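The values are calculated or read from the model by the stated rules, or taken from the named source; none is laboratory data. These figures come from a predicted structure and were not determined experimentally. Here the Cβ positions follow ideal geometry from the backbone for every residue, glycine too, while neighbour counts run over all protein chains shown.
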């Protein structure tokens with residue numbers, strides 16, 4: 001769907017809250033939180049979820065702004081959700097509309113996207129929830145300001161992994177043992193070789209994942225490993241090695257992407273995919289311990 | 001956008017789902033309208049994610065849904 005300018009005003013005022021709050025059948029969908037100057041009025045030039053004629057607006061909460069939209073509660077009812085449980089088109093539209101608003105706000109300002117599907121009964125509930133976490137929200141916004149998230153996936157040709165495995169000392173030892181064994185003992189030693197190969201494969205995959213992650217982290221201010229390869233069976237045309245997210249200063253994104261390109265070119269049999277720039281979905285935890 | 005070598009194409013649904021479903025700020029969840037209803041949103045999305053991942057596993061030969069603990 002193409003974006004459209006919302007109706008003005010785009011910043012709610014106290015009178016708007018009174019007019020719009022908690023009328024029967026309506027709720028408030030929260031897209032995320034941004035910083036705002038109390039005097040600032042800014043526009044969010046994309047349409048949000050259905051109903052599209054309900055504008056996406058900034059709800060002022062002190063120095064923060066909640067990006068919200070009035071939505072029909074019926075659209076988030078158990079009946080409606082279950083009626084669409086197998087309807088990929090309906091869910092895709094929901095997901096893409098949510099992401100479109102998040103991307104639009106993130107492109108303009110520091111933004112903490114909320115988990116998808118947060119609907120509040122009243123604007124006052126959102127204001128209260130934000131006030132409760134205000135200090136952490138401000139600190140987190142400061143941490144991600146001027147940054148984008150990039151998603152990276154690394155894949156390897158099974159032959160490249162096998163080459164590493166065959167050089168593993170455990171596999172070499174097990175193979176040497178089997179070469180000198182009697183036929184009867186060799187049968188039992190075969191199990192040992194298989195275990196050594198599985199163990200060496202696991203080590204090789206971990207080494208590849210950690211090596212590539214550490215390399216890319218040099219270009220980022222934070223990173224998160226979302227998934228390593230969970231199998232030591234080298235099936236299929238390629239093996240997924242790593243899925244990770246990185247928080248990168250916008251000005252350094254070209255360097256980050258160049259670093260990724262260099263890494264895959266220097267490692268034979270590697271292939272990478274990346275996606276971005278995204279809002280910092282993976283780096284908005286309000287838990288200070290998780291701030292990397 | 002998702003990039004693969006020189007290929008540039010529209011963001012895949014999988015990439016978007018990967019982010020919007022489980023990540024993002026969670027404020028005081030108990031004042032949302034209904035945790036059950038919100039969970040139902042995720043149930044629906046997870047069903048869809050699983051079907052998308054099943055398509056992906058045809059390429060990679062592994063159970064993507066299992067890997068993501070769905």
Practice task
Return a yes/no flag: does segment A:181-203 have any residue that is without any contact (Cβ under 8 Å) to a residue 40 or more places away in the chain, surrounded by fewer than 16 Cβ atoms within 10 Å (Cβ to Cβ) and not in a helix (DSSP H, G or I).
Solution key: yes
Practice task
Check segment A:104-111 and report whether any residue there is in contact with a helix residue (DSSP H, G or I) (Cβ under 6 Å, 6 or more places away or on another chain) and within 19 Å of residue A:57 (Cβ to Cβ).
Solution key: yes
Practice task
For segment A:204-211, state whether one or more residues are within 14 Å of another protein chain (Cβ to nearest Cβ), more than 30 Å from residue A:100 (Cα to Cα), in contact (Cβ under 8 Å) with a residue 60 or more places away in the chain and touching a strand residue (DSSP E or B) at 6+ places or on another chain (Cβ under 7 Å).
Solution key: no
Practice task
Show the residue pairs that are 6+ apart or on different chains and have beta-carbon atoms under 6 Å apart, the first residue being within segment A:251-275 and more than 10 Å from chain B (Cβ to nearest Cβ), the second being at pLDDT 90 or above and surrounded by fewer than 17 Cβ atoms within 10 Å (Cβ to Cβ).
Solution key: A:263/A:215
